[in-house]
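The values are calculated or read from the model by the stated rules, or taken from the named source; none is laboratory data. The structure displayed is predicted, hence computed values, not measured ones. We place every Cβ from the backbone using ideal geometry, glycine too, and count neighbours over all the protein chains shown.
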Amino acid sequence: MSVKATVISQIQQIADHSSTSLPPLTDDLVLLDSGLDSLAIAILVARLEEALGFDPFTQSDDTAYPVTLGDFIRFYEHAAACADVDSRHAS
Amino acid sequence: MNTPPHALTSIRDTLRNPPGGPRRFLWSAGASVCVGDLLSGRSLDGSVTEVAGRSVVVATRDQFAAALALIDLDGTARRVTLCTPDLAPEHLHAVVANARAEVIVSDYEVRSPKSEARRQTSDFTPQTSDRRTEWVLLTSGTTGAPKLLVHSVASLTAPIGGAVGQEADVVWGTFYDMRRYGGLQIFLRALLGRGSFVMSGAGESISDYLVRLAAHRVTHVSGTPSHWRRVLMSPAARAIAPRYIRLSGEIADQGILNALGSFYPQASVGHAFASTETGVGFEVDDGLAGFPASLVGAPGDVQIKIADGSLRIRSARTAVRYLGEEQSSLTDDEGFIDTGDMVERRGDRYYFLGRRSGIINVGGLKVYPEEVEAAINRHEAVRMSRVRAMRSAITGSLVAADVVLANQPGGPLLDVERDIQRICRETLTPHKVPATIRFVPALDLAAAGKLARHA
């Protein structure tokens, strides 16, 4: 599953669990307006760490915070690309 | 401030001769008041004589109503107990009893505790107040029922003298509710200083509040690291350009300090150690996480020591004592309060590690692991569980659970996990529900047979 598909699927699972109805998950959706509160977003980041094996928010002390869903997905895609480069360097 | 804190008897004393002229305001989402008018119009109307010399509980839905009531009550009532916005109705009764309250001030119809308080007042003779009102603040306790901590105007205002934000053009904002220690500090700084104060409304979104802060040209803003992470995720973050940003209530890590420093380059970013028990311990303004080791043992208004790995604080800013059934003493023999916050020295700095008792701070809200473990252990397949903090870049920490099963479950593990989550969601508030559950073969026990909790 692509990074984007994993993010979307985890968001849907969290919304299902908390019986939150989500607006259409477009790239320009503001995360804080998505119906997910900051606790739900924190849980999303934790679940994504389990699913993807990394947490881009804690990888460095210089973190920009994503505003839209598109920012959030790009943040993960960028971290995944970096992790991929790192693992190829290591092997 | 014109009056030194130790000489201040009440907020109203200061307002009699308000510094900073008439152009100072308290703004709420739907109301505002000019600070200069606070003395002429008492928000409690004709009820002032009813509260004189009495123990009063303030339980309001709206923090603006609480703020106005506080100004009226301070220096008039014998004791004011300020209920936090999340106080459960079933705990209000205990608060009223522990505070020996005779009057409840509220902006809604309070059910049973009010009638009880009324009965208590029937043969009550008002006492003359010495005008030094005892302030009682609430902080969460192990069982979910709040602990009551006694402060005074002197202890609450002691951190203000010489603090930042005393200039005439300062407009304060805070993401804290003013009924919590962090918000009350900002309220007092604005009121007793020369500034104005923009309060958040009940249920107001962070983006809407930011837009209002911008409209009032906010200059000084405070909140927890989790509040600030939410600000940075809001499209309205660019609307404000504060000169001073303050973080407290949670560990401020280097990531959030750096992010705020680069997003608001014009602002000085400081973090403070403060709690309802200790008051404001110290403020760190060098942009780095942790605090300089030179603070430990240094002379001054606040004395700091480290014992058994935890931070201890002694000052005139601490709470005076616990009120009610709480038996434990607040201070040690030397007058130091053990904050329960574990620290570690690395080079010439101390860094916070977390809480000794395992209390988890989820976005500024305390979670006692025992309460979550009790919920998990209600599942018939569970032998034991341990709840611990898991680092989160969004809320500081999250709740994580390690679970030992009594025997091999009949069905898939995923079903057990789902059932445990359901029990937790039914019995716990959302921030206490484990974000992750891990099944483990065994858990370590400490020497006394208790679960080993990592500091």
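Residues in region A:18-45 that are in contact with a strand residue (DSSP E or B) (Cβ under 7 Å, 6 or more places away or on another chain) and surrounded by fewer than 21 Cβ atoms within 10 Å (Cβ to Cβ) were compared, and the one that is farthest from the other protein chains (Cβ to nearest Cβ) is A:Asp27. Looking only at residues of region A:46-71 that are facing chain B (nearest Cβ under 8 Å) and assigned to a helix (DSSP H, G or I), we find that the one that is farthest from the chain's Cα centre (by Cα) is A:Glu50. Taking region A:40-63 as the range and being of a type in the set (A, V, I, L, M) and in contact with a Leu (Cβ under 8 Å, 6 or more places away or on another chain) as the test, the residues that pass are A:Ile41, A:Ala42, A:Ile43, A:Leu44, A:Ala46. Of the residues making up region B:246-258, those that are crowded, with 20+ Cβ neighbours inside 10 Å and either within 14 Å of chain A (Cβ to nearest Cβ) or hydroxyl-bearing (Ser, Thr, Tyr) (or both) are B:Ser248, B:Glu250, B:Ile251, B:Ala252, B:Asp253, B:Gly255, B:Ile256, B:Leu257. Only residues that are within 23 Å of B:Gly364 (Cβ to Cβ) and assigned to a strand (DSSP E or B) were counted across region B:70-104, and they come to 2. Restricting B:Leu156, B:Leu192, B:Leu232, B:Leu184 to residues that are of a type outside the set (Ser, Thr, Tyr), over 21 Å from B:Ser28 (Cα atoms) and more than 14 Å from chain A (Cβ to nearest Cβ) narrows the list to B:Leu156. Of the strands (runs of 3 or more DSSP E) contained entirely in region B:1-69, those carrying at least 1 residues that are crowded, with 19+ Cβ neighbours inside 10 Å and at pLDDT 80 or above fall at B:25-27, B:55-58. Which residue is farthest from the other protein chains (Cβ to nearest Cβ), if the candidates are limited to region B:390-429 and must be in a helix (DSSP H, G or I) and among the acidic types (Asp, Glu)? Taking the candidates together, the pick is B:Asp415. The set of residues in region B:262-272 that are more than 10 Å from every other protein chain (Cβ to nearest Cβ) and either touching a Gly at 6+ places or on another chain (Cβ under 7 Å) or part of a helix (DSSP H, G or I) (or both) contains only B:Val269. Against the definition (surrounded by fewer than 23 Cβ atoms within 10 Å (Cβ to Cβ), in a loop (DSSP other than H, G, I, E, B) and at negative phi), how does B:Gly165 come out, yes or no? Spelling it out, it is not the case that B:Gly165 is surrounded by fewer than 23 Cβ atoms within 10 Å (Cβ to Cβ), in a loop (DSSP other than H, G, I, E, B) and at negative phi.
Cβ-Cβ distances below 8 Å connect the following pairs, each with a first residue in region A:1-17 that is surrounded by 12 or more Cβ atoms within 10 Å (Cβ to Cβ), a second residue that is polar (S, T, N, Q), and a separation of six or more residues or different chains: A:Ile11/A:Ser34; A:Ile14/A:Thr20; A:Ala15/A:Ser21; A:His17/B:Gln421. In summary, strands (runs of 3 or more DSSP E) completely within region B:295-385 and bearing 3 or more residues that are in contact with an Asp or Glu (Cβ under 8 Å, 6 or more places away or on another chain) occur at B:310-315, B:337-346, B:349-355. Which residue is nearest to B:Gly182 (Cα to Cα), if the candidates are limited to region B:210-231 and must be touching a residue at least 12 places away in the same chain (Cβ under 8 Å) and of a type in the set (A, V, I, L, M)? Looking at the filtered set, the residue picked out is B:Val221. Screening the candidates B:Ile240, B:Ile306, B:Ile245, B:Ile256 for the property of being over 30 Å from A:Phe57 (Cα atoms) and either in contact (Cβ under 8 Å) with a residue 24 or more places away in the chain or of a type in the set (Lys, Arg) (or both) yields one hit, B:Ile306.
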